[in-house]
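S.K.: This is the structure, below, for whatever I ask next.
Bear in mind these aren't lab numbers, they're just calculated from the coordinates by the rules spelled out. From a predicted model like this one, the values you see are computed outputs, not experimental measurements. So basically every Cβ, Gly included, is an ideal-geometry build from the backbone, and we count neighbours across all protein chains shown.
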Amino acid sequence: MSGIFAIYKPKGPTSNDIVQDIKRITGGEKVGHAGTLDPLAEGVLVVGIGREATKKLGIEVKKEKEYLAKIKLGETSTTDDEEGEKIILSAKKPFRSAIESTVGKFLGKIKQIPPIYSAVKVRGKEAYKFARKGAKPLLLERDAEVKEIEILDYEWPFLELRVVTGPGVYIRALARDIGKELTTGAYLADLKRTRVGDFTEDKALTLERFKELWSNPSNSRK
């Protein structure tokens, strides 16, 4: 049953926690994942099982990703998401027309600075390791692409978006930058990844279902 699978990661565990769980289920098979999901995020995590499958994960990482993002306006967060220390910045309530205009600026090729609490390498170490010690690692802006961005709902202070991205886009950074552009501040309050390439939410297996299939592969035909 080696190959590439979509696993549904719940909120709470890290992406690496899911990989370790799958290693235990498969009895020590080589396992890797394509595209990290933060602990507070849920959704599609693409996992490769077996040596040949894990070699192909670099292809999966580069594929389109789709997200449902809930952004809280009026505050900033040290981690750019719900986990960090919050600072109330503004009680200003932008009109929907201002929201639409601002969100539209992030469609297409953009420049983005990754969150300091991220796995981006700085002097050979992940940025979050510096940030956790109270340092502010210098991260350079990089090219990113937002292929689609749609407002699903806006009711102050929450803005809900559907976003389709190219590789390497941080939705936490997108939330932060929308808040900067609006001058209200913002952070990512909730996130679900609904698609990676052709792997969609409805095709993703829970860990429990994956364990059942691994224990009895004939169940996969039912």
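S.K.: Counting alpha carbon pairs within less than 8 Å and at least 6 residues apart, what relative contact order, in whole percent, applies to the range 120-182?
M.R.: 22
S.K.: Separate question: Once you list every other residue whose beta carbon is under 13 Å from the beta carbon of GLY28, what net charge do they have if Lys and Arg are +1 and Asp and Glu are -1?
M.R.: Details: positive: LYS23, ARG24, LYS30, ARG51; negative: ASP21, GLU29.
Computed value for this residue: +2.
S.K.: Can you give me the relative contact order of the chain as a percent, contacts being Cα pairs under 8 Å and 6 or more apart? Could the numbers behind the result be given before it?
M.R.: Numbers: 465 pairs, mean separation 63.5, N = 222.
Relative contact order for the chain comes out at 29 percent.
S.K.: Continuing with the same structure: Going by how many other Cβ atoms sit within 10 Å of their own, how do ILE22, ILE88 line up, fewest first?
M.R.: Going from sparsest to densest Cβ surroundings: ILE88, ILE22.
S.K.: Which ordering of TRP214, TRP156 is given by a fewest-first count of other beta-carbon atoms within 10 Å?
M.R.: Numbers: TRP214 18, TRP156 15.
So the ranking, lowest neighbour count to highest, is TRP156, TRP214.
S.K.: Under 10 Å, Cα contacts only: if you run a Gaussian network model on the chain, which one of LEU161, LEU191, LEU207 comes out with the highest mean-square fluctuation?
M.R.: Top of the fluctuation ranking is LEU207.
S.K.: Shifting gears a bit: Enter the Cα centre distance for the pair the range 85-125 and the range 1-80, rounded to the nearest angstrom.
M.R.: About 22 Å separates the Cα centre of the range 85-125 from the one of the range 1-80.
S.K.: So how do TYR8, TYR128, TYR67 line up by other beta-carbon neighbours within 10 Å, fewest first? It would help to have the intermediate numbers written out before the result.
M.R.: Details: TYR8 20, TYR128 17, TYR67 23.
Going from sparsest to densest Cβ surroundings: TYR128, TYR8, TYR67.
S.K.: In the structure displayed, which of LYS121/LYS203; LYS62/LYS125; LYS23/LYS111; LYS30/LYS62; LYS62/LYS111 lie more than 25 Å apart, Cα to Cα?
M.R.: Check vs 25 Å cut-off fails for LYS121/LYS203; LYS23/LYS111.
S.K.: Also, I was wondering about something else. What residue among GLY185, ALA144, PHE106 has its Cα farthest toward the positive end of the dipole of the range 65-196, where the charges are +1 on Lys, Arg and -1 on Asp, Glu, each on the Cβ?
M.R.: ALA144
S.K.: Sum up the charges of everything whose Cβ sits under 9 Å from the Cβ of ALA189, counting Lys and Arg as +1 and Asp and Glu as -1, but leave ALA189 out.
M.R.: Net charge around ALA189: -1.
S.K.: Additional query: Let a ≥ b ≥ c be the square roots of the eigenvalues of the Cα gyration tensor of the range 65-196; is it rounded (a/c under 1.5), or, if not, prolate (a/b larger than b/c) or oblate?
M.R.: oblate
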